[in-house]
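The values are calculated or read from the model by the stated rules, or taken from the named source; none is laboratory data. Predicted, not measured: the structure shown is a model, and the values here were computed from it. Here Cβ is always computed from backbone atoms with ideal geometry, including for glycine, and neighbour counts include all displayed protein chains.
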């Protein structure tokens with residue numbers, strides 16, 4: 001359908017006058033979808049149980065403060081002081097169940113007033129929300145990825161320390177260890193640690209606890225675990241074998257002279273893929289108790305030219321080999337083992353989304369416990385965004401060799417742009433509370449789709 005120029009072009013030059021007044025206007029109309037999800041999960045009551053042991057009776061309560069933080073992340077804010085920019089939003093207050101939101105100082109004091117028992121309870125809630133989804137999904141296997149991620153800060157917060165930081169050397173940081181579920185792209189658990197510890201610090205007990213939690217919820221499900229070379233140790237491998245878990249672990253063969261020598265002397269390699277060859281051996285480091293299955297891969301790559309670039313018309317490429325080794329107890333072919341292990345790169349995508357869209361890289365307080373609560377609130381917000389999408393649509397794919405997520409998830413930033421950050425007005429025509437929004441077919445269809453899916457699950 002064609003429109004004339006007069007029907008399309010509008011010559012506007014004058015700026016409108018500004019007027020600020022009390023109105024029931026909201027900038028986050030799409031938050032109504034999460035209000036329905038909170039009700040389905042009974043999130044308010046579950047948060048209350050996390051802080052019931054505290055012998056305090058503040059006006060707001062710690063549970064509501066954490067709920068405010070979860071919404072803070074869902075809305076896309078990062079620092080605590082940014083709460084001032086939506087403290088008067090009527091829909092936010094309605095979702096939290098308050099007539100007025102707490103100020104920044106109140107939130108900061110509430111975080112400082114929590115204790116280790118509060119952290120443990122909130123951490124348990126994080127696990128339970130993910131395990132409830134896995135129970136409903138009932139998969140044949142669960143794939144857990146373990147890795148750490150640096151959370152740097154410019155302040156001297158309790159528990160921070162100077163550790164390895166590739167981007168900002170010398171910066172104080174935390175170095176939490178995360179356990180993520182590949183099938184749902186959610187964070188199952190987290191071990192909070194100072195920034196000067198090795199990746200494997202406390203890892204064995206943490207991995208064992210995650211395995212026990214999954215087994216307690218799902219019964220005799222097959223558990224698969226993927227880890228990098230930092231977790232290569234006899235104690236962890238023996239623990240996984242005893243637990244009956246399938247695993248792949250990157251091997252730091254550059255510090256294992258015996259394995260390195262065998263790789264260098266190897267003459268016969270089998271074709272694993274179009275550009276990759278492999279061989280298998282049963283081997284153990286000298287200090288280990290028994291032999292294990294090691295798979296060694298080499299890939300032909302172009303060698304990097306590190307000398308000054310010459311402006312020649314033609315520079316011939318030189319080729320060499322890139323090597324990697326994997327320790328595993330899976331009885332798959334080398335190509336399938338490599339594909340499975342490479343799938344752990346999806347965890348880096350989760351970390352990137354958490355840091356860019358869920359304020360994972362921000363340290364808000366100077367207290368150890370307060371920063372733990374803030375981190376857990378951000379992880380719960382991430383998991384809820386995934387839970388909303390899983391409830392609204394069926395899985396997009398079956399189990400793949402790389403164990404890609406079963407759903408084609410949109411990031412929380414995409415959800416904000418599409419549905420959450422939408423202007424609206426709360427009105428009461430004939431006494432009936434109504435959220436009035438501008439007519440946009442795409443927004444209307446998405447909102448109604450989510451609400452209908454959540455309504456059907458109620």
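The table below gives the values:
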item: Of all residues making up segment 433-443, the number that are assigned to a loop (DSSP other than H, G, I, E, B) and closer than 15 Å to residue 94 by Cβ; result: 1
item: Those residues of segment 178-199 which are under 20 Å from the mean Cα position of the chain (by Cα) and part of a loop (DSSP other than H, G, I, E, B), in sequence order; result: 182, 183, 184, 185, 192, 193, 195, 199
item: So residue 448, is it at pLDDT below 95, more than 28 Å from residue 107 (Cβ to Cβ), out of contact with any helix residue (DSSP H, G or I) (no Cβ under 6 Å at 6 or more places or on another chain) and in a helix (DSSP H, G or I); result: yes
item: Among residues of segment 186-217, those that are modelled with pLDDT of 95 or more, crowded, with 20+ Cβ neighbours inside 10 Å and more than 17 Å from residue 247 (Cα to Cα), counted; result: 6
item: Residue in segment 271-286 that is surrounded by 16 or more Cβ atoms within 10 Å (Cβ to Cβ), in contact (Cβ under 8 Å) with a residue 12 or more places away in the chain, in a helix (DSSP H, G or I) and touching a helix residue (DSSP H, G or I) at 6+ places or on another chain (Cβ under 6 Å) present; result: no
item: Residue within segment 172-179 that is farther than 24 Å from residue 377 by Cβ and either surrounded by fewer than 21 Cβ atoms within 10 Å (Cβ to Cβ) or modelled with pLDDT of 95 or more (or both) present; result: no
item: Criterion violated by residue 117 - all others in (1) in contact with a helix residue (DSSP H, G or I) (Cβ under 8 Å, 6 or more places away or on another chain); (2) in a helix (DSSP H, G or I) satisfied; result: (1)
item: For residue 114: the one exception among (1) within 24 Å of residue 347 (Cα to Cα); (2) buried (at least 19 other Cβ atoms within 10 Å of the Cβ); result: (1)
item: For residue 260: the one exception among (1) touching a helix residue (DSSP H, G or I) at 6+ places or on another chain (Cβ under 6 Å); (2) part of a helix (DSSP H, G or I); (3) within 24 Å of residue 348 (Cβ to Cβ); (4) at pLDDT below 95; result: (3)
item: Hey, residue 433 within 21 Å of residue 127 (Cα to Cα) and either touching a strand residue (DSSP E or B) at 6+ places or on another chain (Cβ under 9 Å) or in contact (Cβ under 8 Å) with a residue 12 or more places away in the chain (or both) or not; result: no
item: Some residue of segment 309-323 being in contact with a helix residue (DSSP H, G or I) (Cβ under 8 Å, 6 or more places away or on another chain) and either modelled with pLDDT under 95 or crowded, with 16+ Cβ neighbours inside 10 Å (or both); result: yes
item: Set 170, 159: member being over 29 Å from residue 234 (Cβ atoms), free of Cβ contacts under 8 Å to residues at least 24 places away in the same chain and part of a loop (DSSP other than H, G, I, E, B); result: 170
item: Flag if residue 42 is on the phi > 0 side of the Ramachandran plot and either surrounded by fewer than 16 Cβ atoms within 10 Å (Cβ to Cβ) or touching a strand residue (DSSP E or B) at 6+ places or on another chain (Cβ under 6 Å) (or both); result: yes
item: Yes/no for residue 51 being within 22 Å of residue 128 (Cα to Cα), buried (at least 17 other Cβ atoms within 10 Å of the Cβ) and within 23 Å of the chain's Cα centre (by Cα); result: no
item: Residue list for segment 241-270, filter: in contact with a strand residue (DSSP E or B) (Cβ under 6 Å, 6 or more places away or on another chain), touching a residue at least 40 places away in the same chain (Cβ under 8 Å) and farther than 22 Å from residue 322 by Cα; result: 246, 247
item: Helices (runs of 4 or more DSSP H) enclosed by segment 1-99 - at least 2 residues per element that are in contact (Cβ under 8 Å) with a residue 40 or more places away in the chain; result: 31-41, 43-50, 62-74, 90-96
item: Residue within segment 415-430 that is buried (at least 21 other Cβ atoms within 10 Å of the Cβ), farther than 30 Å from residue 151 by Cα and touching a strand residue (DSSP E or B) at 6+ places or on another chain (Cβ under 8 Å) present; result: yes
item: Considering residues of segment 200-229 that are closer than 22 Å to residue 401 by Cβ and in a loop (DSSP other than H, G, I, E, B) only, the residue nearest to the chain's Cα centre (by Cα); result: 228
item: Filtered residues of segment 102-114 (kept if in a loop (DSSP other than H, G, I, E, B) and in contact with a helix residue (DSSP H, G or I) (Cβ under 6 Å, 6 or more places away or on another chain)); result: 114
